[in-house]
1. Need at least 1 residues that are closer than 29 Å to Asn61 by Cα and touching a helix residue (DSSP H, G or I) at 6+ places or on another chain (Cβ under 7 Å) per element, so show me which helices (runs of 4 or more DSSP H) inside region 334-397 make the cut, counting only ones lying wholly within it.
2. Checking the structure you have, find out if any residue of region 298-309 is charged (D, E, K, R) and either within 23 Å of the chain's Cα centre (by Cα) or surrounded by 18 or more Cβ atoms within 10 Å (Cβ to Cβ) (or both).
3. Can you name every one of the strands (runs of 3 or more DSSP E) wholly within region 1-112 that holds 3 or more residues which are modelled with pLDDT under 95 and among the polar types (S, T, N, Q)?
4. Among the candidates Gly297, Gly251, Gly260, Gly280, which residue alone is modelled with pLDDT under 95, within 30 Å of Arg184 (Cβ to Cβ) and among the small types (Gly, Ala, Ser)?
5. Of these, Val158, Val125, Val151, Val119, which one is assigned by TED's automatic domain parsing to the domain that holds Arg196, buried (at least 20 other Cβ atoms within 10 Å of the Cβ) and assigned to a strand (DSSP E or B)?
6. Among the residues of region 276-283, is there at least one that is out of contact with any Gly (no Cβ under 7 Å at 6 or more places or on another chain), within 16 Å of the ligand (Cβ to nearest atom) and β-branched (Val, Ile, Thr)?
7. Does Val151 satisfy the condition of being in contact with a Lys or Arg (Cβ under 7 Å, 6 or more places away or on another chain), at pLDDT 95 or above, more than 24 Å from Pro323 (Cα to Cα) and not small (Gly, Ala, Ser)?
8. Checking Gly365 against (1) closer than 30 Å to Pro273 by Cβ; (2) more than 13 Å from the ligand (Cβ to nearest atom); (3) free of Cβ contacts under 8 Å to residues at least 40 places away in the same chain; (4) in contact with a Phe, Trp or Tyr (Cβ under 9 Å, 6 or more places away or on another chain), which test does it fail?
Amino acid sequence: MLRVAVVGSGPSGVYAAQALVEQTLVPGVRVDVLDRLPCPYGLVRYGVAPDHEKIKSLQNNLRGVLEHERVGFLGNVEVGARGLTPERLLGLYHAVVYCVGAARDRKLGVPGEDLVGSVSATDFVSWYSAHPDADPAGFALGARSAVVIGVGNVAVDVARVLARGAGELRPTDVPESALDVLDRSLVRDVHMVGRRGPSQAKFTTKELRELGSMPAARVVVEPSDLVLDPAFADPSGLAAASRRNVEVVRGWADGAPADGPERRIHLRFFLRPVEVVGEGGRVVAVRFERTEPDGAGGVRGTGAYEEVEAGLVLRAVGYRGVPLAGLPFDAASGTVPHLAGRVVRAGAASAGEYVAGWIKRGPTGVIGTNRPCAKETVASLLADAEELARRPVVEDVEPEVALRELGMRPVRWPGWLSIEEAEAHLGRSLGRRTVKIGDWPGLLGAAGA
Ligand code: NAP
């Protein structure tokens, strides 16, 4: 019988576990899903925006997998800490599937990026998602103008949360501390800025459209940005998704400006950040160079510059994988080298260690993309099953016992259910629905760890 560890309980980890226990090729596989946090679901819990309740409800599907009789959850277990190396894990399990995602943000590499008030969108997302590593007092939102750099879906998420009134977010699970800050927010203008054109933006149309449907905000586009994009005048050659994006942006450009809404989302294009400008150590503006298409899908600078006022700058220019000591890592792509999901060490794919999700293919795609990705990896693992079964699991000990001997305090599924119950209780006490607990002692206390 194969004993497999899946490291990471986000979508890719849970889909890998599901593929392992639902297949019939190798019967009886048992899976432990390990997570650094005491809570499961990865970015579905800590990345999907709180007002995207339909996507958040995916947790119910993931829950079904984690409650499968041959799946165990071991939260509060950090691989890489306390001597729990990849090598040690291979002593406890026949195979390990790493589904650790892409934990960091990419940097811009421009002067001023680290000024006070200039932060990664991922930090902002962690803050409003009640991630226990985020500082609840991390954001004050005392500026009138914010700049979001990047035009992907993360940029859309953070721009939307900044532009929504706290009242609109109260029915969600946003932590009370963030809701208070959003309630007092002075932000009125959110500038979301792309270095290329609207036809090349990475956001998806559904997410883009949503920006135009908020009761307290309106979208403003600059016609002078749009004319630079040749595909804007003639979108016929574009892929369907980009063509739809262009149509939505065109609708905003053509429409009469809506009166009333107190907040504005300025959608800007063909501006690349060259400096985050500060005064007294705090960000006050972002300096952009105007770009133009280079004819090959990219842009070149024009030598013209523009400054946009900003008391808050959020970099939403993509995630980046981080190396895990003891596992190979390709720094250029931020991924673990692999062949069809098998980790490649010293040029050869070996049975025993696998990857799935963003650490395998980079931080792209929607949640559903992880399902076929995990299936490919599991197919490789199953093809190796005979070899894996011959490999003796060195330590004849229950993994949980071994983890406790390392000084870890794993949170099992009932512990997580207690956290859920505590969050529902907290919500009720505040006259709201479930409200997330956002600190380590609170989570571990609720789990009874
Ligand atoms: P992304 O889709 O890769 O977008 C990154 C954006 O940053 C692009 O506009 C990119 O422009 C820009 N950028 C990169 N480097 C830059 C630089 N040096 N200067 C200026 N701009 C720069 O990344 P993401 O928004 O972090 O999203 C990650 C993945 O999660 C995506 O697959 C996304 O769809 C998914 N996601 C989905 C949802 C949802 O479905 N609701 C929500 C959040 C995230 P270029 O194109 O010019 O490189």
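The values are calculated or read from the model by the stated rules, or taken from the named source; none is laboratory data. Note that the structure is predicted; figures quoted are calculated from it, not measured. Using ideal geometry, Cβ is built from the backbone for each residue, glycine included, and neighbour counts are taken over all protein chains shown.
1. Ranges flagged: 358-361, 370-383.
2. For region 298-309, residues charged (D, E, K, R) and either within 23 Å of the chain's Cα centre (by Cα) or surrounded by 18 or more Cβ atoms within 10 Å (Cβ to Cβ) (or both): absent.
3. none
4. Selected residue: Gly260, the only one of Gly297, Gly251, Gly260, Gly280 that is modelled with pLDDT under 95, within 30 Å of Arg184 (Cβ to Cβ) and among the small types (Gly, Ala, Ser).
5. The conditions single out Val119.
6. No.
7. The answer is yes for Val151.
8. If we test Gly365 against (1) closer than 30 Å to Pro273 by Cβ; (2) more than 13 Å from the ligand (Cβ to nearest atom); (3) free of Cβ contacts under 8 Å to residues at least 40 places away in the same chain; (4) in contact with a Phe, Trp or Tyr (Cβ under 9 Å, 6 or more places away or on another chain), just (2) comes out false.
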